[in-house]
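The values are calculated or read from the model by the stated rules, or taken from the named source; none is laboratory data. Just so we're clear, the structure is a prediction, and the values are computed from it rather than from any experiment. Reconstructed Cβ throughout: ideal geometry from the backbone, glycine too, with neighbour counts over all protein chains shown. To get the accessible areas, we keep the full protein, side chains included, count just its heavy atoms, and leave off ligands, DNA and RNA. Shrake-Rupley method; radii C 1.70, N 1.55, O 1.52, S 1.80 Å.
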Number of protein chains: 4
Amino acid sequence: MDKAYIQQLLELDGESVKLTEKKAAILAKAIENFAEKGYAATSTSEIAKQAGVAEGTIFRHYPSKKDLLMAIVKPGILKLIVPYFADQMIQEVLDPEKVELEELLRAFIYNRVKFVKKNTLMVRIILQEIAFHQEIQEAFKQTFLTKIYPKVVEKLKELQQEGKLNEYPIDTTLRFILSTVMGFLLHRYILLSEPIKNEEQEIEQMIQLILDGLHYNHRSE
Amino acid sequence: MDKAYIQQLLELDGESVKLTEKKAAILAKAIENFAEKGYAATSTSEIAKQAGVAEGTIFRHYPSKKDLLMAIVKPGILKLIVPYFADQMIQEVLDPEKVELEELLRAFIYNRVKFVKKNTLMVRIILQEIAFHQEIQEAFKQTFLTKIYPKVVEKLKELQQEGKLNEYPIDTTLRFILSTVMGFLLHRYILLSEPIKNEEQEIEQMIQLILDGLHYNHRSE
Amino acid sequence: MDKAYIQQLLELDGESVKLTEKKAAILAKAIENFAEKGYAATSTSEIAKQAGVAEGTIFRHYPSKKDLLMAIVKPGILKLIVPYFADQMIQEVLDPEKVELEELLRAFIYNRVKFVKKNTLMVRIILQEIAFHQEIQEAFKQTFLTKIYPKVVEKLKELQQEGKLNEYPIDTTLRFILSTVMGFLLHRYILLSEPIKNEEQEIEQMIQLILDGLHYNHRSE
Amino acid sequence: MDKAYIQQLLELDGESVKLTEKKAAILAKAIENFAEKGYAATSTSEIAKQAGVAEGTIFRHYPSKKDLLMAIVKPGILKLIVPYFADQMIQEVLDPEKVELEELLRAFIYNRVKFVKKNTLMVRIILQEIAFHQEIQEAFKQTFLTKIYPKVVEKLKELQQEGKLNEYPIDTTLRFILSTVMGFLLHRYILLSEPIKNEEQEIEQMIQLILDGLHYNHRSE
DNA sequence: GATGAATGAGATTTCATTCAT
DNA sequence: AATGAATGAAATCTCATTCAT
């Protein structure tokens, strides 16, 4: 994990954060340790030693150990929940004229797969610590409800009205999609250490399963 | 959490464990605290104080804090993974004559819902700690691969041969079912604190989604 | 270390002590552990476990850990300092008619060699603990000054008057003999673990060295 | 025990160690307590309190209690075994032209007497702990065999060839000298608390005893 | 006599945090 | 900004001893 990686990891709204070498080193080692052993089982002195800085230096930048955690986790939550639409595929899909659930789903999934693969440690930290820190829970809920939920509900309602989606309650459908995708991501990229052999094939199968589950079959039209 | 509850929680193979009052109190408070704050953030002195015993008493029964964790987690893993087929519904389903995927699924889901509702704290501890303790990971993997996986694969293959299931690879189907059910359980019973309003309705919807996803439609026969 | 050995080890004035099996087991394991790790670094629970008795049982026989130590050490001091004149050689030597320094010395040395070889662990414990326990120091000093010192001084004075010994102060001579013999015993039987090859030859050389050091040469007469 | 004393006590190869005031205080109190009560019976909290530092401070400098012991004992072993030839007497003796066993012995003894008187506590600690710590035993053996034994054997062989020493095996002679001198040192400076009245006279008598024991009499030539 | 669960004081060690330099 | 010695509270664990059975 070099400085540039840390920098893009923690940037918000495309604005890069300024990082000294030492600060970057601290963050890098904090991320590694939090991911591997958990926040509570990681000591600041260990981070300092691994980062090659004095113990006091950490506290110069982050008033407390918890602040260090939040400095890492907060940008992570935002990026995990709110896809950053830089890639081509998702840009096309958002073009409202030609939207189809399948394409939307495919774009979303590939985008999140890419994100999780690139930010495995960060995602791991968020998952591991969310149960223990109310601040993280609230940041998560808050971000989801304001940044994503309304847009997604709107889009799904549209599809429902166009007869392209079943008549189940939106929330049930959404939970179904999210828990299936999240289950896949966690299982394949966070829990397992072995790389996946037929990644694309697996993803396509999952998409079909979800679409079938939603009675959505564009091929039958 | 009274002694009787702890006792059934930790029993293995139906053999009840012998617990003194103090030991039960220690386990009860350990479970509560591990679930709420995590293993690493829970101190033995806190457990002792809450359980009304001297700190030394904990270490008389469990040589180390980690032993205390494992005493709780090991029976939990087994029971979480291997359903204990005591209830009526699942007994009927296992009757090989009339097995149908839908009934099997329904029985499995209700059985696990019941288990998770009854053992929320324990399930929470397993989930939270599995990432940090290799022993737990291995116990989990081991138990799953030896006790459950072979039987389930066999049953699904049967269904496939009878044309009652799609032709996707068994592992993909299995992961789909498990991650959907687990996603539901986690979301509804572990993460959320609010009780569910239309529990049965939600479960039935999920069953239909999964069945549709698997191209399994007994109604069309 | 069986019960009979412990019994003779702790007997005083030829009167055997009564020992139950448990008591003997406790003493045996206490001796082993005190000798190997030292009194302070040995725990009573370890002794209990090794002896196959309950922790409380030790305290039923010995009110405190220190009492257990003293029960072992006190008879040991007495026997280490005051030779128990059972063997033939020393009996003959004490016959006043024919006493010669060389014979006296030889008898004394062989007698103590025998004792130390038989009671290595006990001697080790005394040596190791004497620095830390005033009670042991005093028992040692007391025993030496009352039971041995006067007799030895008297004998040496006799020899001096007969011209069979140098004219140095008795105390200097005595210290020379004792520290040489003790140095030998410690070095050969307590510190070293390897058995000695030419034991008798070594002892005879030491005797000659001491005699020469004391200007005592009966052969020149 | 002031900082300067600790400094020279722990220096190796004439290179002084850097000591903060606190570190010196910790070492001073550790030495006092280890010497008086033994390592196992001394608590770090006692040392901290007496040294006027927080308990954590000890562990900042010495990762474990055992490290603290070894920091004290290791330089001590070296200096106890390997005389540091700073004083006049020993320098002269090492001048090969005029070496005589008597002078060599006298220089060695006075040098070690001086050392033991100056470093009583340290010597006491080494003696008391050597039985319990394999590390110390090995450091001792190692240091003796590599730094001292070969030189001394060579010198004694020379003397033997010149007919200035008996024909006993070198090892026997060496053990005789060392155990006599060590016995004297231990007895007079470590075990006894009272100061010696006629120190020089006692030492000279001991020298004569040893020389006579070795059949070495340069006056008769 | 024997047990062993229970105690609570205290041992070693860890760790987030402070602060003088 | 950076250091790292120092802190002291708290963490895990040990242990001699007691006591009800």
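Residues that are free of Cβ contacts under 8 Å to residues at least 24 places away in the same chain and within 6 Å of DNA strand F (Cβ to nearest atom) were ranked within region D:48-65; the one that is most open to solvent (accessible area, probe 1.4 Å) is D:ARG60.
Among residues that are open to solvent by 20 Å² or more (accessible area, probe 1.4 Å), farther than 20 Å from A:TYR189 by Cα and within 14 Å of chain A (Cβ to nearest Cβ), B:GLN134 is not included.
Test C:ASN119 against the criterion of being within 11 Å of chain D (Cβ to nearest Cβ) and touching a residue at least 24 places away in the same chain (Cβ under 8 Å), and give yes or no. Considered against the rule, which asks whether it is within 11 Å of chain D (Cβ to nearest Cβ) and touching a residue at least 24 places away in the same chain (Cβ under 8 Å), C:ASN119 comes out as no. Of the listed requirements (1) assigned by TED's automatic domain parsing to the domain that holds B:TYR149; (2) surrounded by 19 or more Cβ atoms within 10 Å (Cβ to Cβ); (3) in contact with a Lys or Arg (Cβ under 8 Å, 6 or more places away or on another chain), B:VAL82 misses just one: (2). Counting only residues that are at the interface with chain B (Cβ under 8 Å from one of its Cβ atoms), in a helix (DSSP H, G or I) and either in contact (Cβ under 8 Å) with a residue 60 or more places away in the chain or farther than 13 Å from A:ARG106 by Cα (or both), how many does region A:192-219 have? Qualifying residue count for the region: 4.
From the list B:LEU68, B:LEU101, the lone residue that is farther than 30 Å from A:THR42 by Cβ and more than 11 Å from the chain's Cα centre (by Cα) is B:LEU101.
For region A:154-168, a tally of residues being more than 8 Å from chain B (Cβ to nearest Cβ) and either touching a Pro at 6+ places or on another chain (Cβ under 6 Å) or open to solvent by 20 Å² or more (accessible area, probe 1.4 Å) (or both) returns 10. Among the residues of region C:3-21, the one identified as modelled with pLDDT of 90 or more and among the small types (Gly, Ala, Ser) is C:ALA4. Here B:ILE148 does not fit the description of being at pLDDT below 85, within 30 Å of B:MET1 (Cα to Cα) and of a type in the set (A, V, I, L, M, F, W, C).
Output the number of residues of region D:52-81 satisfying the condition of being within 13 Å of DNA strand E (Cβ to nearest atom) and of a type outside the set (D, E, K, R). So the count comes out to 14. Every condition in (1) in contact with a helix residue (DSSP H, G or I) (Cβ under 8 Å, 6 or more places away or on another chain); (2) basic (Lys, Arg); (3) away from chain D (no Cβ under 14 Å) holds for C:ARG60 except the one numbered (1). Annotation note: Cβ proximity below 9 Å between a residue of region A:29-40 that is of a type in the set (D, E, K, R) and a residue that is open to solvent by less than 10 Å² (accessible area, probe 1.4 Å) (sequence gap 6+ or interchain) occurs for A:LYS29/A:ILE47; A:LYS29/A:ALA48; A:GLU32/A:ILE47; A:GLU36/A:THR42. Restricting attention to region C:66-90, the residues that are of a type in the set (Lys, Arg) and within 8 Å of DNA strand F (Cβ to nearest atom) add up to 1. None of D:GLU15, D:GLU46, D:GLU32, D:GLU55 is farther than 13 Å from D:ILE125 by Cβ, within 19 Å of the chain's Cα centre (by Cα) and not assigned by TED's automatic domain parsing to the domain that holds D:GLU138 except D:GLU15.
So which residues in region A:103-122 are within 17 Å of A:ILE77 (Cα to Cα) and among the hydroxyl-bearing types (Ser, Thr, Tyr), if there are any at all? Selection gives A:THR120 alone. For region B:6-36, filtering for residues that are part of a helix (DSSP H, G or I), touching an Asp or Glu at 6+ places or on another chain (Cβ under 9 Å) and open to solvent by 30 Å² or more (accessible area, probe 1.4 Å) leaves 1.
Under the condition of being near DNA strand F (Cβ under 8 Å from one of its atoms) and assigned to a loop (DSSP other than H, G, I, E, B), which residue from region C:37-47 is surrounded by the fewest Cβ atoms within 10 Å (Cβ to Cβ)? Residue satisfying both the conditions and the ranking: C:SER43.
Of all the criteria given as (1) at pLDDT 90 or above; (2) more than 30 Å from D:PHE34 (Cβ to Cβ), the one not satisfied by C:ASN33 is (2). Considering (1) in contact (Cβ under 8 Å) with a residue 40 or more places away in the chain; (2) more than 13 Å from chain B (Cβ to nearest Cβ), the lone condition that A:THR173 does not fulfil carries the number (2). Scanning region A:28-57 for residues that are among the basic types (Lys, Arg) and away from chain B (no Cβ under 14 Å) yields a total of 2. For D:VAL113, are the conditions met, namely being open to solvent by less than 40 Å² (accessible area, probe 1.4 Å), more than 14 Å from chain C (Cβ to nearest Cβ) and either among the aliphatic types (A, V, I, L, M) or out of contact with any Asp or Glu (no Cβ under 6 Å at 6 or more places or on another chain) (or both)? So D:VAL113 passes the test.
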